[in-house]
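Heads up: the structure comes next, in structure tokens.
The values are calculated or read from the model by the stated rules, or taken from the named source; none is laboratory data. Quick caveat: nothing in here was measured; it's all calculated off a predicted structure. With ideal geometry, Cβ positions are generated from the backbone for all residues, glycine too; neighbour counts draw on all protein chains shown. For the accessible areas, the whole protein counts, side chains as well, though only heavy atoms, and no ligand, DNA or RNA atoms are used. Shrake-Rupley method; radii C 1.70, N 1.55, O 1.52, S 1.80 Å.
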Amino acid sequence: MPSASPRHRRVALPLAAAALLVPAATACSSGGPGGSGASGGDQRLKVAMAFPPAQAMSPYGDDAVTLSRLAVVEGLTGLDKNGDAKPALASAWKRDGDLAWEFTLRKAAFQDGTQVDAVAVVRSLAAAQKASPKPRVLSDTTLTATAEGADTVRVTTKGADPLLPQRLANPSLAVLSAAAYKDNGKDNGKGKDNGKVDPAGHATGPFTLAKVNGAVSATLERNDTYWGTKAKAPGIDVKFVADGTARANALRTKDVDIAEYVPISQAALLGDNLVHEFPTARTSGLSLNTERGVFADPALRAAAREAIDSKTLATGVYEGRADTAQGLLGPGVPWAAELRTAPTGRAKAATPAEVAKTKEIVLATYTNRPELPEASTVVQQQLEKRGFTVKQVVRDYAQMEADALGGKFDAFLQARNTLLDTADPLSYLASDFTCDGSFNISQLCAKPVDTAVAKAASLADTDARHRAEMTAEAAILGADALVPLVHERFIQGYDDARVEGVALDPMERTLITADTHIG
């Protein structure tokens with residue numbers, strides 16, 4: 001669909017028709033107690049994941065998070081609990097001027113037996129930079145990597161990027177072996193390469209992706225050549241279960257050991273030993289299409305915003321396990337409240353009579369997070385009370401991402417982790433709300449937002465960068481591009497008397513680690 005301003009669009013790729021397989025030597029390697037491959041018995045972890053692969057496990061889309069949460073992929077850096085960069089495949093780094101950084105690699109091997117070296121890192125970063133659509137984490141920067149010997153990589157950015165070490169921890173910038181790109185470079189008929197990347201058996205994490213059965217299941221085996229602490233579990237058997245109640249039931253009946261994103265409605269039924277609640281940087285919000293349709297009119301967006309009662313959603317749908325929305329950034333971003341300023345440039349809301357004259361709007365959300373369809377029904381009722389005519393569309397996320405990014409809905413209710421890309425809101429603001437943003441569901445293109453985000457990207461001083469980010473938040477809220485609904489808390493499910501080492505990560509990068517095992 002044509003756009004009034006240039007933007008990158010992310011398009012969901014079809015699921016692989018056949019399973020992805022790694023070489024038998026990798027998938028069936030033997031290890032310590034319990035073995036690996038098809039062995040391991042009751043010591044293998046059984047995990048229910050909420051989101052089936054949407055892009056055939058490509059690291060350039062949301063599947064990268066699944067690969068990270070299952071401890072398959074790694075980048076040059078990782079993140080500590082404070083969101084600061086820590087060593088991963090790079091053992092050390094230093095800044096060289098305003099635009100360049102040098103990273104020293106540790107000795108490590110890929111899961112297919114080849115060695116991690118500077119050439120491999122350069123190849124992976126170049127492939128991510130050229131990917132179409134571009135990964136969200138690169139929506140506000142351009143990276144150029146060069147090999148400086150076998151174990152040193154120099155990364156140069158187009159503009160000053162004080163967040164580069166954190167950025168390189170993003171799972172979309174995972175380092176993979178040459179074999180992962182074996183189909184890359186083939187013409188897709190439009191003068192571009194097909195961009196296919198296969199992480200199965202070609203990553204570096206403590207677990208190897210051995211097999212993917214479409215959107216149904218996956219098998220992972222322990223990587224016995226891992227450079228760090230070897231995984232305690234011999235392998236992982238993954239089920240992709242979009243239905244939250246089904247995930248909770250699988251945990252209750254011990255069909256799985258770990259169930260991610262337990263529905264709030266199931267928490268009380270499971271009991272405290274199976275429910276683990278923790279704070280999050282995730283905000284559920286209503287993205288309004290600022291470019292076309294009913295909500296292209298700022299006055300009607302303002303009317304929609306005034307119709308929303310966040311407190312009702314927090315206490316009702318979320319049963320008190322969420323915080324009333326204060327802005328784009330909630331309690332999971334603790335410095336935001338202190339620096340928050342009032343929204344700027346808000347339009348006067350349309351009158352009920354003006355609202356009543358509008359066409360039917362399409363309100364869409366997805367089933368993978370069980371609270372969202374219920375929240376969408378409440379939002380529909382609140383909008384209709386204001387005078388809007390509303391049609392709901394509710395599907396699996398993988399089936400609607402392309403439509404959402406293409407601006408085919410008037411309103412899209414989604415839950416978004418604001419620290420997911422770089423552990424700083426900068427990438428979230430750039431990808432979701434700037435003119436060239438690669439995840440701009442609201443289709444927003446506003447100079448005050450772009451200016452504030454660009455200023456933040458140029459600032460090395462953390463406090464100054466945060467103030468610029470809050471200026472951008474004020475402009476986004478002023479445009480009513482997104483109506484914040486609630487700030488979520490996460491609930492992961494596992495039996496703490498039996499399962500040990502599950503990561504409770506507010507940034508959602510980590511779930512399974514080398515330490516996760518059956519106790």
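Against the conditions (1) surrounded by fewer than 18 Cβ atoms within 10 Å (Cβ to Cβ); (2) touching a residue at least 24 places away in the same chain (Cβ under 8 Å), TYR397 satisfies every one except (1).
For SER172, state whether it is among the small types (Gly, Ala, Ser) and in contact with a Phe, Trp or Tyr (Cβ under 7 Å, 6 or more places away or on another chain). In short, yes. Here THR290 does not qualify as under 30 Å from TRP335 (Cβ atoms) and in contact with a strand residue (DSSP E or B) (Cβ under 6 Å, 6 or more places away or on another chain). ASP98 meets all of the listed conditions (1) within 21 Å of the chain's Cα centre (by Cα); (2) farther than 29 Å from ALA402 by Cα; (3) open to solvent by 50 Å² or more (accessible area, probe 1.4 Å); (4) in contact (Cβ under 8 Å) with a residue 60 or more places away in the chain but one, namely (1). Answer with yes or no whether THR418 is open to solvent by 10 Å² or more (accessible area, probe 1.4 Å) and within 20 Å of GLN166 (Cβ to Cβ). So THR418 fails the test.
Yes/no per residue for (1) farther than 16 Å from ALA479 by Cα; (2) in a helix (DSSP H, G or I); (3) modelled with pLDDT of 95 or more; (4) not β-branched (Val, Ile, Thr):
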position: LYS311; (1), (2), (3), (4): yes, yes, yes, yes
position: GLY320; (1), (2), (3), (4): yes, no, no, yes
position: GLY327; (1), (2), (3), (4): no, no, yes, yes
position: PRO334; (1), (2), (3), (4): yes, no, no, yes
position: ALA337; (1), (2), (3), (4): yes, yes, no, yes
position: ALA347; (1), (2), (3), (4): no, no, yes, yes
position: ALA353; (1), (2), (3), (4): yes, yes, yes, yes
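Out of THR219, THR229, THR245, one residue alone is part of a loop (DSSP other than H, G, I, E, B) and polar (S, T, N, Q). It is THR229. Quick one: which of GLU371, GLU384 is of a type outside the set (A, V, I, L, M, F, W, C) and open to solvent by 40 Å² or more (accessible area, probe 1.4 Å)? Just a single option satisfies the conditions, and that option is GLU384. Checked against (1) modelled with pLDDT of 95 or more; (2) of a type in the set (S, T, N, Q); (3) closer than 22 Å to ASP450 by Cβ, GLN111 passes all but a single condition, namely (3). Kindly check whether there is at least one residue in the range 150-166 that is small (Gly, Ala, Ser), part of a strand (DSSP E or B), at pLDDT 95 or above and open to solvent by 20 Å² or more (accessible area, probe 1.4 Å). No - not one qualifying residue is present in the range 150-166. If you go through the range 136-149 and keep only what is in a loop (DSSP other than H, G, I, E, B) and touching a residue at least 60 places away in the same chain (Cβ under 8 Å), you end up with SER139, ASP140, THR141. Only residues that are part of a strand (DSSP E or B), modelled with pLDDT of 95 or more, open to solvent by 10 Å² or more (accessible area, probe 1.4 Å) and in contact with a Lys or Arg (Cβ under 7 Å, 6 or more places away or on another chain) were counted in the range 41-88, giving 1.
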